[in-house]
1. Please determine, by comparing only the residues of the range B:119-143 that are surrounded by 15 or more Cβ atoms within 10 Å (Cβ to Cβ), more than 24 Å from the chain's Cα centre (by Cα) and part of a loop (DSSP other than H, G, I, E, B), which one is farthest from the other protein chains (Cβ to nearest Cβ).
2. If I ask for residues that are more than 10 Å from every other protein chain (Cβ to nearest Cβ), outside any loop (DSSP other than H, G, I, E, B) and farther than 22 Å from residue B:12 by Cβ, which ones from the range B:51-88 would you list?
3. If you scan the range B:89-118, which residues turn out to be assigned to a loop (DSSP other than H, G, I, E, B), free of Cβ contacts under 8 Å to residues at least 40 places away in the same chain, within 16 Å of residue A:158 (Cβ to Cβ) and within 7 Å of chain A (Cβ to nearest Cβ)?
4. Does residue A:124 count as in a helix (DSSP H, G or I), surrounded by fewer than 22 Cβ atoms within 10 Å (Cβ to Cβ) and without any contact (Cβ under 8 Å) to a residue 12 or more places away in the chain?
5. Among the candidates A:148, A:141, which residue alone is under 20 Å from residue A:196 (Cβ atoms), within 14 Å of chain B (Cβ to nearest Cβ) and in a helix (DSSP H, G or I)?
6. Could you tell me which residue of the range B:43-76 is farthest from the chain's Cα centre (by Cα), considering only residues that are free of Cβ contacts under 8 Å to residues at least 60 places away in the same chain and on the phi > 0 side of the Ramachandran plot?
């Protein structure tokens, strides 16, 4: 594997680090299996692509994309909290609907952003090689996100969110509005995913309605890899672990794809991911069974 | 003052599983009273507690806290006046959060939760002092996960959590039932101490007649969703467990006491 390919994998890992943070918030903090991200990721990409094509500043396009992603989370939370639709099903409904919405937003299945200014453009003049500048900028952004999220989860409000996910009855008895926490959590989670979609569109140079397929599995894979690498009670470590998990996952996939003896093609990625995540979910159970035996 | 007026609760109404848990019950707790509630399984003890806490919405009747009608208020909204300890030690705290995080969560009951740090130094010191008062040595394990503690330790901490923020009423739902005898007694005595210290109006459901008479200032017996006995003062002081068992037998129409339903000792 070439150095450029390695840096490319790191870059992609950092972009999906935002997704991993969102998935962690939904799955681990709120205990809400949320598939909305498969729709909010391409929505973020679509919104950013359309905005930048229309001459909107790249940074502003990130904010708009994050807000659009957050709105998706709001819809899923609304279906679940207000109407009692099963959380998983509520998120699938939003995800399916978003496929149509994304096509409407772009007006076509994909859109190129090549030769457009992105948030990275100003940094290309620093004299650092392009393939290193990109991950560097992304690294700074994702660290900021981790620090903000860790601080949020350490607040009274954030603690209430963790309790709402861990023990809803106890949270309620202590005056926590569990429904309200689900709203805020889903908004944050999908806002992060929308932001990731927008970053992806800017850096990859295109937006595609199918780019959301499997976002949730990749996010979950990152969270699981992170948890396996870093076992800690500290929220800050757990959040950093998500991002590192995402990078490690991408590098591992890149290694697998570039290893000729494995006969893997880029199109095998989804299968490889599904197998990896399945193994990661099964292994702890097998280990526990062996210990019990 | 907490009052349940003409409270009716029926589960699964209109179905073969219909069960009338409360049938026009009237109970008033005056400020500072510590009422113990006894009755056999299905008498409506837990339903009464659930109705006051907001878990159960009555078909008929009113629940008042002070002068306010709270009958339709959600449990989370009611929490600013109602503190609770559950029967299941796992139910009253978050296993994945640390001891001090659990305490911080409970300390904010009834107040707006903002974005300030939950574990500020001043709060941590206060939590530590409160936990040290238990004498269980837990003040040195404030950062430990709640899930690492025994049922008794968790119940003791649940009591501390329930008394961190101000409340109009403390609801205890057989909170010693899941503990071994030694720990049950410790938690019962701790309850008595904390209730006195904070001057809390308390409603304690218990399966044990001994506990019902030993603790609190007034005892209420429920049967089939109604109050069948309500004693306080001298009459209660002179009452022995045997007398209570006799009354219980009378209420049930002379039926033999079901040992499973009621622990006498």
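Every number in this text was worked out from the coordinates using simple rules, so none of it is lab data. Note that this is a predicted model, so its numbers are computed, not measured. Cβ: placed from backbone, ideal geometry, glycine included. Neighbour counts: every protein chain shown.
1. Step by step, filter the range B:119-143, then rank; the result is B:142.
2. B:62, B:64, B:65, B:68, B:69
3. As a first pass, look at the range B:89-118 and keep what is assigned to a loop (DSSP other than H, G, I, E, B): B:89-97, B:108-116, B:118.
Then keep just the ones that are free of Cβ contacts under 8 Å to residues at least 40 places away in the same chain; that gives B:91, B:112-116, B:118.
Now restrict to residues that are within 16 Å of residue A:158 (Cβ to Cβ): B:112-116, B:118.
The answer is B:113, B:114, B:115, B:116, B:118.
4. Judged against the criteria, residue A:124 is a match.
5. Unique residue meeting the criteria: A:148.
6. B:61
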